[in-house]
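These notes are about the structure you will find just below.
The values are calculated or read from the model by the stated rules, or taken from the named source; none is laboratory data. As the structure is a prediction and not an experimental result, all values here were calculated from the model. A quick note on method: Cβ atoms are made from the backbone with ideal geometry, for glycine too, and the neighbour counts reach across all protein chains shown.
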Amino acid sequence: MKQTLYYLKMLVPPVFIKIANKAGIGGPKKIVRYPKNENDQQQLDMYFDPEYTKILETWGAETTWIEIQYLLASGKGKVLDIACGSGVTIEWLKGNTDLEVHGCDISDLLIQKAVDRGIPKEHLLITDATAMSYADNSFNYSYSIGSLEHFTANGIEKFIAEASRVTSIASMHMIPTSKSGKNEGWLNTSTTIQTFHNNSDEWWMERFKKHFREVQMLNSSWHDDISYGRWFICKK
């Protein structure tokens, strides 16, 4: 039981993939921020890059994919993995026979990789997380891991609204929040591949509470020099 509680507390943050010596900066303590204009477009090219997809195959094996199993351990019914990538997390959840796990992603390349992995094609859909092609309350649960923070501010609002619309019980999202407690906005850093929002706990809470009856925030043991990892558990 103690081990179970330990893992429940070890909820990991988003996909912060570090590239060695990017921009000539070798150490994680030498982070340089590159603020982005909120009118800029979300970076999507990498999701159609075969080389980038290789990173998605391994990054959460010791952390995230274990933790989502604990979060859904007592769940029953249909689950949606929003921005599911190549379907690794869906595969990790297949041991829970009480769950029927579906996945969606904007990348046809990643969805095909999920099919190649053996995930039933009828459980997968190519669709934009901000305008999903599912009927209301199609799923009992939904979740996203390391995805929501990469959307534009407007995209985040739409993503959360859509997650609420297609979910009947609870939706869970793992994202980073700023250690400074400030809303640092949408930025790139010298240690991350893609643009992400590094905002306060309150900033995120405000957005989730617009669409859910109850929102709980769980701490993650993950952190880096500028962000904490948080799980937001949102109940309808």
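A few remarks follow.
- Whichever residue in the stretch 130-153 is surrounded by fewer than 21 Cβ atoms within 10 Å (Cβ to Cβ) and among the aliphatic types (A, V, I, L, M) and, among such residues, is nearest to THR189 (Cα to Cα): ALA153
- Filter result for ILE126 (free of Cβ contacts under 8 Å to residues at least 60 places away in the same chain and within 21 Å of TRP222 (Cβ to Cβ)): no
- Answer residue from the stretch 83-112, given it is β-branched (Val, Ile, Thr) and out of contact with any Phe, Trp or Tyr (no Cβ under 7 Å at 6 or more places or on another chain) and is farthest from ALA161 (Cα to Cα) among those: THR97
- Count of the stretch 199-236 residues which are within 14 Å of the chain's Cα centre (by Cα) and of a type in the set (S, T, N, Q): 1
- Count of residues meeting criterion [over 21 Å from MET172 (Cα atoms), outside any strand (DSSP E or B), hydrophobic (A, V, I, L, M, F, W, C) and in contact with a helix residue (DSSP H, G or I) (Cβ under 8 Å, 6 or more places away or on another chain)] in the stretch 182-236: 1
- Test: ALA153 is among the small types (Gly, Ala, Ser), modelled with pLDDT of 95 or more and out of contact with any Ser or Thr (no Cβ under 8 Å at 6 or more places or on another chain): no
- Options GLU122, GLU184; residue that is modelled with pLDDT under 95, over 20 Å from ARG213 (Cα atoms) and not β-branched (Val, Ile, Thr): GLU184
- Considering the stretch 154-171, the residues that are surrounded by fewer than 24 Cβ atoms within 10 Å (Cβ to Cβ) and not in a helix (DSSP H, G or I) include one that is nearest to the chain's Cα centre (by Cα), namely ALA170.
- Taking first residues from the stretch 156-169 that are within 12 Å of CYS104 (Cβ to Cβ) and partners that are among the aliphatic types (A, V, I, L, M), the Cβ contacts under 7 Å between residues at least 6 apart in sequence or on separate chains come to PHE159/ALA129; PHE159/LEU148; GLU162/ALA129; GLU162/ALA131; GLU162/MET132; ALA163/ILE82; VAL166/LEU80; VAL166/MET132.
- Filtering the stretch 209-230 to residues that are surrounded by fewer than 17 Cβ atoms within 10 Å (Cβ to Cβ) and farther than 17 Å from ILE145 by Cα leaves LYS209, LYS210, ARG213, GLU214, ASP225.
Here's the yes/no breakdown for (1) among the polar types (S, T, N, Q); (2) modelled with pLDDT of 95 or more; (3) farther than 20 Å from HIS150 by Cβ:
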| position | (1), (2), (3) |
| --- | --- |
| GLN194 | yes, no, no |
| ASP201 | no, yes, no |
| ARG207 | no, yes, no |
| PHE232 | no, yes, no |
| LYS235 | no, yes, yes |
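- The residue list SER168, SER138 contains one member that is under 21 Å from MET205 (Cα atoms) and either among the polar types (S, T, N, Q) or in contact with a strand residue (DSSP E or B) (Cβ under 9 Å, 6 or more places away or on another chain) (or both), which is SER168.
- Failed criterion for VAL115 (all others in (1) within 24 Å of SER164 (Cβ to Cβ); (2) modelled with pLDDT of 95 or more; (3) touching a strand residue (DSSP E or B) at 6+ places or on another chain (Cβ under 9 Å) hold): (1)
- Restricting attention to the stretch 66-115 and to residues that are assigned to a strand (DSSP E or B) and of a type outside the set (A, V, I, L, M, F, W, C), the residue that is surrounded by the most Cβ atoms within 10 Å (Cβ to Cβ) turns out to be ASP81.
- Against the test of being of a type in the set (A, V, I, L, M) and over 25 Å from TRP65 (Cα atoms), the options ALA170, ALA114, ALA131, ALA161 yield a single qualifying residue, ALA131.
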